[in-house]
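Each value in this text was obtained by applying a stated rule to the coordinates, not by laboratory testing. Quick caveat: nothing in here was measured; it's all calculated off a predicted structure. Cβ coordinates were reconstructed from backbone atoms using ideal geometry, including for glycine residues, and neighbour counts include every protein chain displayed.
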Amino acid sequence: MGGARCCTFHSVSDRWWWWAGVAVAVLLAGVGLWLLLSARSGSRRARAGRPTRATFRREDAEAAPPARKRLAVVLNPTKMNGWGDVQGRIAAVCEGQGWAEPLFLETEENDVGFGQTRAALREGVDVICAFGGDGTVRAVAQEMVGSGVPMGLLPGGTGNLLARNLEVPTDDLEWAVAVAMAGRNRHIDVGWLTLDPSEAHLGEHVGEGASEGRRRHIFLVMAGLGLDAAIMEETSETLKARIGWTAYVPAGFKNLLVERFKARLTLDGGPPSTVRARTVLVGNCGKLTGGINLMPDAEPDDGTLDVVIIAPKGLTAWVSVAARVITKSQRSTRTLDRYRCQSVGVRVDHEQMVELDGDIIGEATHIEIDVQPRGLIVRVEAGGPTPA
């Protein structure tokens, strides 16, 4: 009897604990469900009262629209004849491309582009263009070396030497502006010519260059001493504006048989050598006015200067020189000699005219020239020749 009661007691006790466990489980499940539903309801209320991410993005865009790119143009007003409303045409291209209104800075008689370019750089523009002759291009480039800002070339002069060497448009202003805005960046070398500091009287010939007391000057195409500079000096600006590069022909014939001078050359710091010359030319690029390719191996980004010594004695020798230039002969002779270097010093026995990219900077008996590799960024056509 006692055994039966004990078994019954255990059976009842086990069922009680089972039902108690079920009740606790149901209670916990109910509490959990209530918490879950409360959390979801609170989240919906929070989302309903909080702006969406898209709202923030829309408000940000409305508050701070992306800044538009801007072009600056350093222009020589004397070169605008024949181009119509230059500023209006340039502004129209900028507007069509979604750029901001361009900044125009005109050169002056006592500042041919140096100060204007510095002002444009301070404004933080995206591209600075030179519109003018080769002198304007040189002034703009001198201030832009090492700036990291691309330079555009707009046709404004009779020579446009750098543009021709880089195959940038020289007869279509709108297309040249488009290239400056969206073309390919090409890093080119620049040449630097230093006049002998002891020749103080040359100060009156020198532009506003800020480096080394106005005695260090940039060139982008070619520097010359002797005959070529004399031709540049004697050619009328009015005649150049009327008939272009052929204006140099009369001055060329006049100086063709001037007396040769003695020059002592020092290449890359080596021992000096003495030559007889009518002209000494040092090039960063090879093409001259009129399409003459005097230095066919010269590349504007090879880190090298090309030196040509021209020294014919008479008319027959001049014919030989012309034939060699036309046929792009690389053979050196006593009438036309070639060198390649990174720096060159030239001393002459009496003062000679000195020119840089067609601009006369005075007379000198001693000049020093060196190259700064890839110092300037120039915008060229995107589909143009690939640099060597």
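Values computed for the structure shown
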quantity: Sorted by Cβ neighbour density within 10 Å, fewest at the top, the residues Arg215, Arg89; calculated: Arg89, Arg215
quantity: Residues His187, His350, His217 arranged by fewest to most Cβ contacts within 10 Å; calculated: His350, His187, His217
quantity: Cα→Cβ-extended label distance, 7 Å offset, between Arg276 and Glu101, nm; calculated: 6.4
quantity: Label-point gap, in nm, between His350 and Lys262 - each point 7 angstrom along Cα→Cβ; calculated: 1.3
